[in-house]
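The block underneath contains the structure these notes are about, expressed in structure tokens.
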Amino acid sequence: MDHKNRPVRIIGISGSLRAGSFNTAALRAAIELAPEGVTIETAEIGDLPLYNDDVRLVGFPPPAQRLREQLSAADAILFVTPEYNYSIPGVLKNAIDWASRPPSQPFDGKPVAIMGASGGILGTARAQYQLRQMLIFLNAFPINKPEVMIGQAPTKFDEDGRLTDEPTRDFIRQLLEALAAWTNRLR
């Protein structure tokens, strides 16, 4: 198997800690819809302490070290973010802050895809653009299309948190196919 067709290992991060989160449900849908040769593992960010550089200088806390190792080992990253106050949630920013600190940072040169779900009509558009700005500084390589902004999320998931909206499922499939192709292209 040549390097362009190797399996793609993605680490998925939901920016929501809510038990009934539409974003975590969208991440579960992505795991279900992953194309052949693509695996998605989820990263836990809810146990990270608030970022404190004094703590980092002594050593990364175990949850931060675990996240850094997961991101480093992955071929690509999938962010699934809610939108709070026109931006990403604090827990997601906190995770990025912990993972991105010296002496190395695992986002450098890493292929990334972004999606998100919200009850509003814009479906996390502003949060996704804020996240893209951070990825520039981190030298990550996000794909541009398709943009998966799941608006009016309560109408697209059933009571068990399963994504039932077929057009949205197709967009997620396309996003994952694009991320796999982008990852292989960058290898």
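The values are calculated or read from the model by the stated rules, or taken from the named source; none is laboratory data. Worth saying up front: this structure is predicted, and the values here are computed from it rather than measured. Here the Cβ is made from the backbone with ideal geometry for all residues, glycine too, and neighbour counts use every protein chain on show.
Odds and ends about this structure:
- Among residues of region 38-54 that are at pLDDT below 95, none has a Cβ under 7 angstrom from a residue that is among the small types (Gly, Ala, Ser) and not in a strand (DSSP E or B) at a sequence gap of 6+ or on a separate chain.
- Tally of residues being among the aliphatic types (A, V, I, L, M) and farther than 25 Å from residue 65 by Cβ across region 14-45: 8
- For residue 66: the one exception among (1) in contact (Cβ under 8 Å) with a residue 24 or more places away in the chain; (2) farther than 25 Å from residue 149 by Cα; (3) surrounded by 15 or more Cβ atoms within 10 Å (Cβ to Cβ): (1)
- Residue count for region 12-31, restricted to those that are among the β-branched types (Val, Ile, Thr) and surrounded by 23 or more Cβ atoms within 10 Å (Cβ to Cβ): 1
- In region 143-187, of all residues being β-branched (Val, Ile, Thr) and either closer than 16 Å to residue 33 by Cα or modelled with pLDDT under 95 (or both), the one that is surrounded by the most Cβ atoms within 10 Å (Cβ to Cβ) corresponds to 150.
- Residue within region 92-112 that is polar (S, T, N, Q) and surrounded by fewer than 16 Cβ atoms within 10 Å (Cβ to Cβ) present: yes
- Region 32-42, subset surrounded by fewer than 17 Cβ atoms within 10 Å (Cβ to Cβ) and of a type outside the set (Asp, Glu), residue farthest from residue 81 (Cα to Cα): 37
- Pairs are defined by a Cβ separation below 6 Å, a sequence spacing of at least 6 or placement on different chains, a first member in region 2-18 that is modelled with pLDDT under 95, and a second member that is buried (at least 16 other Cβ atoms within 10 Å of the Cβ); the pairs so defined are 4/184.
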